[in-house]
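Every number here is computed from the coordinates shown, using simple stated rules; none is lab data. These figures come from a predicted structure and were not determined experimentally. For neighbour counting, all protein chains shown are included, and Cβ atoms are generated from backbone atoms with ideal geometry for every residue, glycine included.
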Amino acid sequence: MPPTPRNPIRRFDVLAEYRKQELEEQGAPTDEAKGYGLWVAKVVAARRFGRGTGAGGPGPGQAGGADEPTQRTGKWHALDGQPQTDALFDREVVARMGPEFYSEVFAPSIREARTRGRSYEAIRDAVRRHWRPPTRASR
């Protein structure tokens, strides 16, 4: 039986992984791709919930465009002065769902959807529909 996530899978998680894989496909190292994916997901979440990230940033629902905020700390994009690193991706995305679920189910499912040409918008809800953490009684 495949592993189950420790916590519910969010659209945020799907977007972070989707953008990470896109950047890796373009030749970026995995550590930078993880930081970028996390950064994009946070920028989009901030826009959606009206928090913004500063003038010139993407509008609601936009990420990856020429108008993205470009604050960087070395190789990392930063939000509120905090570098969005691979280690942060691992804590905020991978550890939250569980490393086994991430590597065996989540990342391969996103990769398969991308290989089939599916956009983030087309998969963000469908791909996570059946991924549920175990209930307290079944733990």
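With the simple model of a label 7 Å out from the Cα in the direction of the Cβ, Asn7 to Arg48 spans 1.5 nm. A cut-off of 5 Å between modelled amide H atoms, ignoring neighbours fewer than 5 places along the same chain, links Thr73 with Ala78. Give, as ranges by residue number, the residues of segment 1-41 whose backbone N falls under 18 Å from the point 7 Å along Cα→Cβ of Glu104. Zone members listed by number: 1-9.
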